[in-house]
Structure formats: C-alpha cells, structure tokens
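Structure first, then comments.
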Amino acid sequence: MCLCLPFRKQNMYFVRIKPLKERLRERTMTDREAFPYYLVYTTCMSLVCIPVASHPSTRWDILSWLTVTLITVAGTIYNYSQNGGRTGYDFIQKSIVLGWVLIIRILAIMIPTVIGIGFLKSGIGVAADQTSWLDVLFVTAFVVIYFQRLGKHLKDTNKIDGSSPRPRVTAGHSEVEG
C-alpha cells in the first residue's frame with residue numbers, strides 16, 4: 001500500500017469554510033478526503049506543543065520534538081491503514097474516541113513511570129527540569145505504544161464479514177427506533 005495514497009487528487013480547503021461545512025452537513029466527505037486534515041492537525045499539534053513545553057531548549061529537546069513529530073506522522077498514516085485505508089470508515093471519530101480511552105489507560109502506567117524517571121535522573125545527577133536522554137526515550141516509547149495500540153483497536157473495529165458499516169443513528173434515537 002502506498003503511504004501517499006490519501007493525498008492523491010486531494011482538494012483541501014484552507015480558507016473557504018462554507019463548501020467544507022456543506023460537504024460535512026451533506027455527509028459527502030469520505031474518510032480518505034478527511035484524512036489529510038487530521039494528519040496536518042495532529043502534526044501541527046506535535047510541532048506546537050513540544051517546544052512550548054520545555055525551556056530552555058537543549059539538543060535533547062530538539063531530538064524529542066523531531067522524534068515525536070515523525071512518529072506522529074508515521075503513526076497517523078499507520079492508523080489510517082489499520083482502520084482499512086480507503087475502505088475504512090469513521091477514522092477520525094474512532095481515533096478520537098478510542099484515543100481518549102487509550103490515553104486514560106496509559107496514564108495509569110505513565111504517572112508512576114514519570115515519577116520513577118525523576119528519581120532515576122536525580123540519582124545520575126541530571127536536573128529534574130532538564131530534558132535528558134531518559135526523557136527522550138520515555139516520550140518516544142509512550143508515543144510509539146500509543147499509536148501501536150490505537151492501530152490495534154482501530155483494526156478491531158473493522159467489519160469482519162466485509163459488509164459496509166451500519167448507517168449512523170441520529171442523536172437521541174436508538175437503532176431500533178430508526
């Protein structure tokens with residue numbers, strides 16, 4: 001599968017919002033068309049968040065920032081393919097919903113690990129507020145695990161029998177009511 005597949009013959013809206021809202025309202029935008037928006041959004045979030053989070057910048061900050069950005073791009077493309085690629089459905093919705101639950105679950109492991117890294121850093125003489133190779137290793141592992149697990153859960157939501165997904169249900173109605 002070509003990793004650039006989602007971008008072929010793509011018409012993205014950068015400033016005009018009316019035609020975009022109309023396509024969303026009419027539900028004529030496919031996951032394949034929405035994927036680049038999500039990829040650019042997640043990449044920009046990783047680009048913006050990491051440099052702001054640490055002062056002053058060291059070589060470890062820059063390495064962490066670059067690593068997380070590259071993993072975010074690769075992980076998002078990987079997750080799109082795990083969701084079924086061109087034949088997948090509800091990629092962004094599933095990524096956000098499953099991603100939220102996954103983050104909550106990972107926090108249970110992440111919080112004690114951060115505390116342990118703090119003790120380890122003080123034990124080897126690295127300032128707790130300075131980014132080190134330990135921080136880069138931890139953040140890299142966290143992001144890789146996140147995208148790997150999200151991809152697994154996205155794949156689990158694919159239809160097994162190859163049938164198309166059930167139609168969406170309007171808010172406040174059950175599938176039985178119609």
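The set of residues in the range 124-142 being in a helix (DSSP H, G or I) and hydrophobic (A, V, I, L, M, F, W, C) consists of Trp133, Leu134, Val136, Leu137, Phe138, Val139, Ala141, Phe142.
Within the range 76-88, track down each residue that is of a type outside the set (A, V, I, L, M) and surrounded by fewer than 20 Cβ atoms within 10 Å (Cβ to Cβ).
Within the range 76-88, the first condition is being of a type outside the set (A, V, I, L, M), and the residues that meet it are 76, 78-88.
The answer is Tyr78, Ser81, Gly84, Gly85, Arg86, Thr87.
Residues being of a type in the set (Ser, Thr, Tyr), out of contact with any Lys or Arg (no Cβ under 9 Å at 6 or more places or on another chain) and surrounded by 12 or more Cβ atoms within 10 Å (Cβ to Cβ) are represented in the range 110-119 by at least one member.
With respect to the conditions (1) modelled with pLDDT under 90; (2) over 27 Å from Asp31 (Cβ atoms); (3) part of a helix (DSSP H, G or I), Leu47 lacks only one, and its number is (2).
Can you confirm whether the range 123-132 contains a residue that is of a type in the set (S, T, N, Q), at pLDDT 90 or above and loosely packed, with under 15 Cβ neighbours inside 10 Å? No, that holds for no residue.
Listed by first and then second residue, the pairs with beta-carbon distance under 8 Å, at least 6 apart or on different chains, first residue in the range 78-97 and more than 11 Å from Phe35 (Cα to Cα), second among the β-branched types (Val, Ile, Thr) and modelled with pLDDT of 90 or more, are Asn83/Thr157; Lys94/Thr157.
Against the test of being farther than 25 Å from Tyr41 by Cβ and either of a type outside the set (Ser, Thr, Tyr) or outside any helix (DSSP H, G or I) (or both), the options Ile104, Ile117, Ile145, Ile96 yield a single qualifying residue, Ile117.
The values are calculated or read from the model by the stated rules, or taken from the named source; none is laboratory data. On a predicted model such as this, the values are computed, not experimentally measured, just so you know. Quick reminder, even Gly has a Cβ in these numbers, built from the backbone with ideal geometry, and neighbours come from all protein chains shown.
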